[in-house]
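Working notes, beginning with the structure itself.
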Amino acid sequence: MGRSEGEHMKTKSKVTKSPSSKSTRGKTAAQRKASPDKRERQYEKIKESELGRGRTVRVAERIAAATTNKTRRQKGETKQQNW
């Protein structure tokens with residue numbers, strides 16, 4: 001027989017993601033820390049890419065710095081502020 005309108009939602013199972021090996025959850029600060037050389041290479045690569053797109057040096061450096069800092073924040077490589 002048919003199910004009522006809300007009944008199908010009760011039987012639907014939730015899909016959970018397994019923890020990724022790239023996840024920073026549960027890792028210590030030392031484990032999350034990337035090499036400064038890695039971030040320097042990332043900065044230079046982004047800067048060169050932006051220069052290749054016709055950006056000025058000043059704008060390319062700003063974009064590269066912002067992107068690198070964003071990655072550091074997302075990877076948990078920045079110091080936490082206690083506000």
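Where the second residue is at pLDDT 95 or above and the first is of a type in the set (Gly, Ala, Ser) and lies in region 51-72, which pairs have Cβ atoms under 7 Å and are six or more apart or on separate chains?
Close Cβ pairs (under 7 Å, with a partner that is at pLDDT 95 or above) amount to Ala60/Lys47; Ala60/Glu50; Ala60/Leu51; Ala64/Tyr43; Ala64/Ile46; Ala64/Lys47; Ala64/Glu50; Ala65/Tyr43.
If you take just the helices (runs of 4 or more DSSP H) that sit entirely in the chain, which of them hold at least 1 residues that are modelled with pLDDT under 60?
Hits in the chain: 7-11, 29-32.
The values are calculated or read from the model by the stated rules, or taken from the named source; none is laboratory data. These numbers were taken from a predicted model, which means no experiment stands behind them. Cβ: placed from backbone, ideal geometry, glycine included. Neighbour counts: every protein chain shown.
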